[in-house]
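A.B. asks: Supplied in C-alpha coordinates, the structure appears directly below.
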Amino acid sequence: RKPLKMMMTTTRKARCFATSSISSASSPSPPPPSTVSTRDPSSFHLFDDDSDDAEVEKNFRIDAHTDEWFEINREELRSSIFVHKNFRALWKPLKVEDISIDSLIYAKLLEETPDVILFGTGKTLKQVPEESLKWARKMGMAVEVMDTANCVATFNVLVEEGRNVACGILLSGGTREGGGNE
(Lines give C-alpha, C1' and ligand atoms only; values in the text may rest on other atoms or scores of the structure.)
Protein backbone atom coordinates (compact mmCIF):
# COMPACT_ATOMS: atom_id res chain seq x y z
CA ARG A 1 0.00 0.00 0.00
CA LYS A 2 2.67 2.51 0.93
CA PRO A 3 4.64 2.27 -2.34
CA LEU A 4 1.42 2.98 -4.24
CA LYS A 5 0.74 6.02 -2.05
CA MET A 6 4.24 7.35 -2.57
CA MET A 7 3.92 6.84 -6.31
CA MET A 8 0.61 8.72 -6.39
CA THR A 9 2.03 11.53 -4.27
CA THR A 10 5.09 11.82 -6.50
CA THR A 11 2.87 11.85 -9.59
CA ARG A 12 0.74 14.58 -8.05
CA LYS A 13 3.81 16.75 -7.38
CA ALA A 14 5.15 16.07 -10.86
CA ARG A 15 1.81 17.08 -12.34
CA CYS A 16 1.93 20.30 -10.31
CA PHE A 17 5.43 21.12 -11.61
CA ALA A 18 4.48 20.17 -15.17
CA THR A 19 1.44 22.43 -15.03
CA SER A 20 3.51 25.27 -13.62
CA SER A 21 6.24 24.97 -16.23
CA ILE A 22 3.94 24.75 -19.28
CA SER A 23 3.28 28.41 -19.87
CA SER A 24 3.77 31.07 -22.47
CA ALA A 25 7.12 32.78 -22.79
CA SER A 26 5.72 36.03 -21.39
CA SER A 27 4.51 34.57 -18.10
CA PRO A 28 6.78 34.54 -15.06
CA SER A 29 8.86 31.50 -14.25
CA PRO A 30 7.36 28.91 -11.90
CA PRO A 31 7.92 29.42 -8.19
CA PRO A 32 10.73 27.48 -6.54
CA PRO A 33 9.70 23.98 -5.36
CA SER A 34 9.56 25.08 -1.72
CA THR A 35 6.69 27.47 -2.45
CA VAL A 36 4.61 25.23 -4.72
CA SER A 37 1.33 24.43 -3.01
CA THR A 38 0.89 20.68 -2.71
CA ARG A 39 -1.27 18.73 -0.33
CA ASP A 40 0.14 16.91 2.62
CA PRO A 41 0.63 13.28 1.47
CA SER A 42 -1.16 12.04 4.60
CA SER A 43 -4.36 13.74 3.41
CA PHE A 44 -4.22 12.49 -0.19
CA HIS A 45 -7.33 10.67 -1.36
CA LEU A 46 -7.76 8.85 -4.64
CA PHE A 47 -11.08 10.59 -5.37
CA ASP A 48 -10.29 14.12 -4.20
CA ASP A 49 -11.25 17.28 -6.04
CA ASP A 50 -7.70 17.64 -7.43
CA SER A 51 -7.40 21.30 -6.47
CA ASP A 52 -3.98 21.83 -4.97
CA ASP A 53 -4.91 25.27 -3.63
CA ALA A 54 -7.80 24.03 -1.48
CA GLU A 55 -7.02 24.15 2.20
CA VAL A 56 -7.16 20.66 3.65
CA GLU A 57 -7.83 20.08 7.32
CA LYS A 58 -5.87 17.11 8.58
CA ASN A 59 -8.26 14.83 10.42
CA PHE A 60 -6.87 11.39 10.97
CA ARG A 61 -9.31 8.54 11.06
CA ILE A 62 -8.72 4.85 11.44
CA ASP A 63 -9.86 3.36 8.14
CA ALA A 64 -9.38 -0.32 9.01
CA HIS A 65 -7.76 -2.65 11.51
CA THR A 66 -6.98 -6.29 12.07
CA ASP A 67 -5.37 -8.11 14.96
CA GLU A 68 -1.95 -7.13 13.60
CA TRP A 69 -2.24 -3.67 11.99
CA PHE A 70 -4.15 -0.41 11.77
CA GLU A 71 -4.74 1.66 8.66
CA ILE A 72 -4.83 5.41 9.17
CA ASN A 73 -5.47 7.61 6.13
CA ARG A 74 -4.35 4.75 3.87
CA GLU A 75 -1.11 4.08 5.74
CA GLU A 76 -0.64 0.69 7.39
CA LEU A 77 0.86 0.73 10.89
CA ARG A 78 1.91 -2.56 12.51
CA SER A 79 2.11 -1.40 16.10
CA SER A 80 0.05 -0.05 18.93
CA ILE A 81 -0.88 3.53 18.03
CA PHE A 82 -1.62 6.89 19.61
CA VAL A 83 -3.96 8.99 17.49
CA HIS A 84 -5.41 12.48 17.85
CA LYS A 85 -7.66 14.15 15.32
CA ASN A 86 -4.57 15.79 13.75
CA PHE A 87 -1.68 13.63 15.01
CA ARG A 88 -0.73 9.97 14.88
CA ALA A 89 2.25 7.99 16.09
CA LEU A 90 3.42 4.49 16.85
CA TRP A 91 2.88 3.85 20.56
CA LYS A 92 5.30 1.95 22.76
CA PRO A 93 2.91 -0.01 25.05
CA LEU A 94 2.52 -3.62 23.95
CA LYS A 95 0.11 -4.68 26.69
CA VAL A 96 -2.23 -2.91 29.10
CA GLU A 97 0.27 -3.04 31.96
CA ASP A 98 2.68 -0.94 29.82
CA ILE A 99 0.30 2.04 29.71
CA SER A 100 1.96 4.49 32.08
CA ILE A 101 2.02 8.23 32.59
CA ASP A 102 5.28 8.28 30.60
CA SER A 103 3.62 6.45 27.70
CA LEU A 104 1.04 9.24 27.52
CA ILE A 105 3.69 11.82 26.55
CA TYR A 106 1.91 12.46 23.23
CA ALA A 107 -1.13 13.81 25.09
CA LYS A 108 1.18 16.34 26.78
CA LEU A 109 2.72 17.41 23.47
CA LEU A 110 -0.51 18.19 21.63
CA GLU A 111 -1.33 21.86 21.03
CA GLU A 112 -4.52 21.53 23.05
CA THR A 113 -5.34 18.90 25.64
CA PRO A 114 -7.93 16.45 24.31
CA ASP A 115 -11.39 16.63 25.87
CA VAL A 116 -11.60 12.83 25.74
CA ILE A 117 -8.97 10.10 25.72
CA LEU A 118 -9.93 6.58 24.72
CA PHE A 119 -7.96 3.45 25.51
CA GLY A 120 -8.32 0.33 23.33
CA THR A 121 -7.10 -2.66 25.33
CA GLY A 122 -7.01 -5.45 22.73
CA LYS A 123 -9.63 -8.08 21.93
CA THR A 124 -11.22 -7.78 25.35
CA LEU A 125 -11.74 -5.02 27.87
CA LYS A 126 -8.92 -4.90 30.42
CA GLN A 127 -8.15 -2.51 33.29
CA VAL A 128 -5.71 0.30 32.45
CA PRO A 129 -3.38 1.11 35.39
CA GLU A 130 -5.17 3.47 37.78
CA GLU A 131 -2.28 5.98 37.93
CA SER A 132 -2.59 6.56 34.15
CA LEU A 133 -6.35 7.09 34.40
CA LYS A 134 -5.94 9.52 37.32
CA TRP A 135 -3.27 11.49 35.45
CA ALA A 136 -5.50 11.84 32.36
CA ARG A 137 -8.42 13.03 34.49
CA LYS A 138 -6.15 15.48 36.32
CA MET A 139 -5.15 16.91 32.91
CA GLY A 140 -8.86 17.56 32.25
CA MET A 141 -9.61 14.64 29.94
CA ALA A 142 -12.65 12.40 30.18
CA VAL A 143 -11.44 8.80 30.06
CA GLU A 144 -13.04 5.81 28.37
CA VAL A 145 -11.57 2.29 28.35
CA MET A 146 -12.86 -0.32 25.88
CA ASP A 147 -11.75 -3.14 23.62
CA THR A 148 -9.84 -2.14 20.48
CA ALA A 149 -12.68 -2.64 17.98
CA ASN A 150 -15.04 -0.37 19.94
CA CYS A 151 -12.25 2.14 20.53
CA VAL A 152 -11.61 2.46 16.78
CA ALA A 153 -15.32 2.97 16.05
CA THR A 154 -15.80 5.47 18.88
CA PHE A 155 -12.71 7.47 17.87
CA ASN A 156 -13.92 7.76 14.26
CA VAL A 157 -17.40 8.88 15.32
CA LEU A 158 -16.05 11.52 17.71
CA VAL A 159 -13.59 12.86 15.10
CA GLU A 160 -16.42 13.02 12.55
CA GLU A 161 -18.43 15.06 15.08
CA GLY A 162 -15.52 17.50 15.38
CA ARG A 163 -14.64 16.52 18.95
CA ASN A 164 -11.16 17.01 20.38
CA VAL A 165 -10.39 13.35 21.02
CA ALA A 166 -7.27 11.19 21.33
CA CYS A 167 -6.81 7.47 21.74
CA GLY A 168 -4.13 4.97 22.66
CA ILE A 169 -4.89 1.62 21.05
CA LEU A 170 -3.18 -1.72 21.52
CA LEU A 171 -3.11 -4.32 18.77
CA SER A 172 -5.74 -7.01 19.30
CA GLY A 173 -3.74 -10.06 18.29
CA GLY A 174 0.00 -9.64 18.18
CA THR A 175 2.71 -7.23 19.06
CA ARG A 176 5.88 -6.14 17.31
CA GLU A 177 7.66 -9.01 19.06
CA GLY A 178 5.04 -11.47 17.81
CA GLY A 179 3.48 -12.32 21.18
CA GLY A 180 -0.10 -11.69 22.17
CA ASN A 181 -1.32 -9.01 24.55
CA GLU A 182 -4.15 -11.05 26.01
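The values are calculated or read from the model by the stated rules, or taken from the named source; none is laboratory data. Nothing here was measured: the structure is a model prediction, and the numbers come from that model. Ideal geometry is used to build each Cβ from the backbone, glycine not excepted, and the neighbour counts take in all protein chains shown. Accessible surface is based on the protein model in full, side chains and every heavy atom, while ligands, DNA and RNA are left aside. Shrake-Rupley method; radii C 1.70, N 1.55, O 1.52, S 1.80 Å.
A.B. asks: Would you grab the residues whose amide H sits under 5 Å from the one on D63? Only those 5+ places off in sequence or on another chain, please, with H modelled 1.01 Å from N.
C.D. replies: HN-HN under 5 Å from D63: E71, I72, N73, R74.
A.B. asks: Give the peptides 76-84, 145-153, 158-166, 124-132 in descending order of average Cβ contacts within 10 Å, highest first.
C.D. replies: 76-84, 145-153, 158-166, 124-132
A.B. asks: Amide H of N164 versus every other amide H placed in the peptide plane: which residues, excluding those fewer than 5 positions away on the same chain, fall under 5 Å?
C.D. replies: It is D115, by chain and number.
A.B. asks: Follow-up. Which distance in nm do the two modelled labels at A89 and N150 give, with both placed 7 Å along the Cα-to-Cβ direction?
C.D. replies: Taking the simple label geometry, A89 and N150 are separated by 2.8 nm.
A.B. asks: Pop out the ³J(HN,Hα) list for the range 96-111 in order, Karplus 6.51 cos²θ - 1.76 cosθ + 1.60 with θ = phi - 60°, rounded to Hz; leave Gly and Pro as x.
C.D. replies: My calculation for the range 96-111 gives 4, 4, 7, 6, 10, 4, 4, 6, 8, 3, 4, 5, 6, 8, 5, 4 Hz in order.
A.B. asks: Also, quick follow-up: What number, in nm² with one decimal, is the all-direction average of the projected area of the convex hull of the alpha-carbon atoms of the range 84-151?
C.D. replies: 4.3
A.B. asks: Please work out how much accessible surface R74 shows to a 1.4 Å probe, ignoring ligands, DNA and RNA, in Å² rounded to 10.
C.D. replies: Using a 1.4 Å probe on the heavy atoms, I get roughly 100 Å².
A.B. asks: Which ³J(HN,Hα) values, rounded to whole Hz and listed in residue order, are derived for the range 61-66 from phi using the Karplus coefficients 6.51, -1.76 and 1.60 in 6.51 cos²θ - 1.76 cosθ + 1.60 with θ = phi - 60°, glycine and proline given as x?
C.D. replies: Running phi through 6.51 cos²θ - 1.76 cosθ + 1.60 with θ = phi - 60° gives 9, 8, 6, 7, 7, 10 Hz.
A.B. asks: Would you work out what percent of the accessible area of the range 64-182, with all protein chains in place, is carbon or sulfur (probe 1.4 Å)?
C.D. replies: Its accessible area is 49 percent carbon and sulfur atoms.
A.B. asks: In addition: Mind running the shape call on the range 62-182? Use the C-alpha gyration tensor, a ≥ b ≥ c as the square roots of the eigenvalues: rounded below 1.5 for a/c, prolate if a/b tops b/c, oblate otherwise.
C.D. replies: Oblate.
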